[in-house]
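**Q** My structure is below; once you've seen it, I'll send some questions.
The values are calculated or read from the model by the stated rules, or taken from the named source; none is laboratory data. Nothing here was measured: the structure is a model prediction, and the numbers come from that model. Neighbour counts run over all protein chains shown; Cβ positions are idealised from the backbone, glycine included.
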Amino acid sequence: MPHFEPVILFFLLGALAGFLRSDLRIPGVLYESLSIFLLLAIGLKGGVELARYPLATVALPALVVVAVGALIPLVAYPVLRRFGRLPRADAGSIAGHYGSVSVVTFAVGTTYLARLGHEGEGYMTVMLVLLEFPALVIGVLLARRGEPGTPWGKVLHEVLAGKSIVLLLGGLAIGWFAGPGGIEPLDRLFFDLFKGVLAFFLLEMGLVAASRFGELRRAGPFLLVFATVMPLFSAGLGLATGALLGLSVGGVTLLATLYASASYIAAPAAMRLAVPQANPALSIGAALGITFPFNLLVGIPLYHRLAQQVVQ
């Protein structure tokens, strides 16, 4: 199977074990350790690459990427309300999940591109960090429009002080200050082992995705369709935006992958505080049960092929 990323097989193994109701389990402590390693390694690699660029070079693309990314929840919300006939709280929560991003999907995308020799611009990790937050605020605003008493202080703290942002930003800063030479002694730990750790993490993600699929199936066919079609629409925005910004094939692919992904780490925590009446089974089930495996198995290779066509 040409250009098939081997780590995805670990996800399929985990999903198969989940559907077979195997007793395979990844210990919770190990899962937390793997997630911390991956977030820190992604931040470090991004910081090292960012050190090669003047900050002025990154500022304009970052503004454009965030502005376009903010359109995703604004498009998703009316679709969920009108065609899915979902309550406002659920529609806003799901829209926020789909406007935010998945760090693990980004990690698989970078691994896939590295295998093909089409790595994107190093500052794409900055885009990952920036896209984590704005859509969650928009989702909360849509879900609680006209309602008083939104605990913004707690919501902002949950997002900005959450481990995803802290480790990504922290790793980014360390990599940037240290530069390629300073980080070199840590290469064997954070970069050489990255793919193996990602494989273990995807094994657990397969188990979790299989457990969420039943909840989503009970929610009806609309969310199954939405969780497949919405990533394609969002990826289209990413392809157009990346081409407009003059990104490389790898950069366009990663931007499409980011826009197409849906958060299932930061978003559930924020929505639990800000929109407690929303049903988390719908948003997490759609993001993790359908969109995540869709992007891994179909989306990322498709976005890469389309990126090759739009980048001339």
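**Q** Can we say Ile290 is touching a Leu at 6+ places or on another chain (Cβ under 8 Å), part of a helix (DSSP H, G or I) and buried (at least 19 other Cβ atoms within 10 Å of the Cβ)?
**A** So Ile290 fits the description; yes.
**Q** Just checking, which of Gln308, Gln312, Gln277 is within 24 Å of Arg115 (Cα to Cα), of a type outside the set (Asp, Glu) and modelled with pLDDT under 90?
**A** Selected residue: Gln312, the only one of Gln308, Gln312, Gln277 that is within 24 Å of Arg115 (Cα to Cα), of a type outside the set (Asp, Glu) and modelled with pLDDT under 90.
**Q** Go through (1) touching a Leu at 6+ places or on another chain (Cβ under 7 Å); (2) surrounded by fewer than 24 Cβ atoms within 10 Å (Cβ to Cβ) for Ala95 and report which single condition fails.
**A** Answer for Ala95: the failing condition is (2).
**Q** When only residues in region 217-238 that are hydrophobic (A, V, I, L, M, F, W, C) and crowded, with 21+ Cβ neighbours inside 10 Å count, which is farthest from Val252 (Cα to Cα)?
**A** So the residue we want is Leu223.
**Q** Let me ask something else about it. Could we say that Ser283 is modelled with pLDDT under 95, within 29 Å of Arg88 (Cα to Cα) and hydroxyl-bearing (Ser, Thr, Tyr) here?
**A** So Ser283 passes the test.
**Q** Oh, and also: Filtering region 260-272 down to residues that are in a helix (DSSP H, G or I) and out of contact with any Pro (no Cβ under 8 Å at 6 or more places or on another chain), which residue is nearest to Leu71 (Cα to Cα)?
**A** This residue is Ala267.
**Q** Please go through region 215-248 and pick out each residue that is within 21 Å of Glu119 (Cα to Cα), in a loop (DSSP other than H, G, I, E, B) and free of Cβ contacts under 8 Å to residues at least 60 places away in the same chain.
**A** The one that is within 21 Å of Glu119 (Cα to Cα), in a loop (DSSP other than H, G, I, E, B) and free of Cβ contacts under 8 Å to residues at least 60 places away in the same chain: Gly246.
**Q** In region 187-209, which residues are of a type in the set (A, V, I, L, M), surrounded by fewer than 18 Cβ atoms within 10 Å (Cβ to Cβ) and part of a helix (DSSP H, G or I)?
**A** Leu189
**Q** So which residues in region 8-21 are touching a helix residue (DSSP H, G or I) at 6+ places or on another chain (Cβ under 8 Å) and either farther than 15 Å from Thr111 by Cα or not aliphatic (A, V, I, L, M) (or both), if there are any at all?
**A** Passing the criteria: Phe10, Phe11, Leu12, Leu13, Gly14, Ala15, Leu16, Ala17, Gly18, Phe19.
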